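The structure appears right after this line, and notes come after that.
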Amino acid sequence: MIGAQSRPADVTHLVTPGRTDPLSHSRQERPTCFKHTDLLPENTMRIKQSTAPPAEADLTPMIDMTFQLIAFFMVLINFSQSEQNDKVVLPTSELAKPVDAPIEFPIIVHMTSTGSIVIGGDEIGLGGLRSRLAPELSLLTLEGKTARDANIIIRGHRAVPGGQVQDLISKCQELGFEKFALRVKEEI
Amino acid sequence: MKFRHSRSQHDKTELSMTSMIDIVFLLLVFFVMTFKISAQEGDFNVKMPLQESGAPADNTQLPLKLRLKADANGNLSEIVLNDTQSFGTDWEQLRGYVVQLVGDQAGPTDEEGPEVEIDLDTNLHYVHVIEAITAVTGYRSGNDIVRLIDRIKFAKKRE
């Protein structure tokens with residue numbers, strides 16, 4: 001650093017103490033060139049300092065963590081889209097608690113504010129419920145179960161008239177379903 | 001024709017990390033920004049088999065009939081319990097009454113515990129139905145949930 005001041009302008013190397021400077025050999029005779037050992041008093045013991053390689057930051061852990069974060073957010077985004085529907089704003093309840101055990105054979109039924117029903121991405125009216133649930137019923141039969149074992153999870157919009165939810169429940173009852181779950185959002 | 005081969009340099013090739021980190025951070029920022037923090041969801045279980053003629057009567061010890069009246073806009077106008085007790089639109093009063101009724105019992109059981117039948121006006125907003133279920137199902141004390149009535153069913157739809 002001190003020696004760099006006496007160099008020509010095109011030499012931009014910084015000379016740090018303890019590091020060998022390639023230019024210092026050829027210009028040793030110059031009186032202006034200056035070695036760091038000149039600063040030491042005569043009776044000081046000279047310790048040979050090892051030449052350290054240039055320090056490089058190890059980026060591997062940082063990249064590991066960053067990729068993990070990316071993977072985390074990607075997975076989370078995919079999950080949240082599968083069960084939710086943008087048109088449905090759930091009512092809130094202070095008693096909402098995530099279910100502990102997985103629900104047996106869940107069938108998620110969304111009910112929008114206009115009263116239309118969304119099952120698996122298909123928007124249908126109340127009249128189309130029977131034909132839409134027919135494949136689910138046959139799947140239940142294939143597994144040796146009945147409609148009584150299935151759980152209908154109702155995700156109703158907060159402003160939908162309660163009578164329409166009753167209609168939905170009674171239609172499902174006619175198909176043999178018994179167990180219903182009214183899904184609510186946690187109150188924050 | 002004579003090709004002059006330039007002397008290839010066998011220097012140690014170093015990967016440029018900067019561009020990769022740029023892209024990775026860009027991706028990270030994208031996912032962080034698009035991530036929507038969604039509140040946890042829970043369920044209220046309603047077991048409602050289709051009532052058949054000649055079905056056995058309910059075996060509940062304490063039948064409660066909750067009537068929810070709505071105004072023309074679908075908002076709640078009155079809460080009536082067992083056709084006699086009116087609570088206005090105050091859910092806390094209803095909850096207090098249910099705590100008195102149920103509190104001295106051993107707690108809800110699956111088969112013989114108290115049961116609430118909710119009878120609502122058809123135009124009543126669903127959010128009020130959930131409020132009613134919340135009020136009779138339990139209450140939160142600290143981090144714990146005290147359960148009051150677990151059995152809930154809907155009355156026949158009003159015409």
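The values are calculated or read from the model by the stated rules, or taken from the named source; none is laboratory data. The structure presented is a predicted model; accordingly, all values stated were derived computationally and were not measured. Cβ placement follows ideal geometry from the backbone for every residue including glycine, while neighbour counts extend to all protein chains displayed.
Of all residues in the stretch A:61-99, those that are among the aromatic types (F, W, Y) and at pLDDT below 75 total 1.
Can you say whether A:R183 is surrounded by 14 or more Cβ atoms within 10 Å (Cβ to Cβ), facing another protein chain (nearest Cβ under 8 Å), among the basic types (K, R) and touching a residue at least 12 places away in the same chain (Cβ under 8 Å), as far as the supplied structure shows? For A:R183, the condition - surrounded by 14 or more Cβ atoms within 10 Å (Cβ to Cβ), facing another protein chain (nearest Cβ under 8 Å), among the basic types (K, R) and touching a residue at least 12 places away in the same chain (Cβ under 8 Å) - is met.
The criterion of at least 2 residues that are touching a residue at least 60 places away in the same chain (Cβ under 8 Å) and under 20 Å from A:R183 (Cα atoms) is met, among strands (runs of 3 or more DSSP E) falling completely within the stretch B:68-159, by B:151-154.
Looking at A:S131, A:S138, can you tell me which residue is at pLDDT 85 or above, farther than 21 Å from A:N85 by Cβ and among the hydroxyl-bearing types (S, T, Y)? Steps first, answer last, please.
Working: A:S131 fails: farther than 21 Å from A:N85 by Cβ.
None of the other options fit; the residue is A:S138.
Residue count for the stretch A:158-187 under the criterion of being closer than 15 Å to B:K47 by Cβ, in contact with a Lys or Arg (Cβ under 6 Å, 6 or more places away or on another chain) and either part of a helix (DSSP H, G or I) or among the β-branched types (V, I, T) (or both): the result is 0. Restricting attention to the stretch B:26-38, the residues that are exposed (fewer than 14 other Cβ atoms within 10 Å of the Cβ) and assigned to a helix (DSSP H, G or I) total 6. I'd like to know if the stretch B:126-135 contains one or more residues that are of a type in the set (D, E, K, R) and modelled with pLDDT under 85. No, the conditions are met nowhere in the stretch B:126-135. Looking only at the stretch A:140-149, residues that are acidic (D, E) and in a helix (DSSP H, G or I) come to 1 in all. The residue that is nearest to the other protein chains (Cβ to nearest Cβ), counting only those in the stretch A:111-167 that are over 25 Å from B:D119 (Cβ atoms) and among the acidic types (D, E), is A:D149.
Inside the stretch A:45-60, residues that are modelled with pLDDT under 75 and surrounded by 10 or more Cβ atoms within 10 Å (Cβ to Cβ) make up a count of 1. Among the residues of the stretch B:13-33, the ones that are at the interface with another protein chain (Cβ under 7 Å from one of its Cβ atoms) and closer than 27 Å to A:V89 by Cα come to 2 in all. Every listed requirement among (1) more than 8 Å from chain A (Cβ to nearest Cβ); (2) surrounded by 22 or more Cβ atoms within 10 Å (Cβ to Cβ) is met by B:S141 save one, (2).
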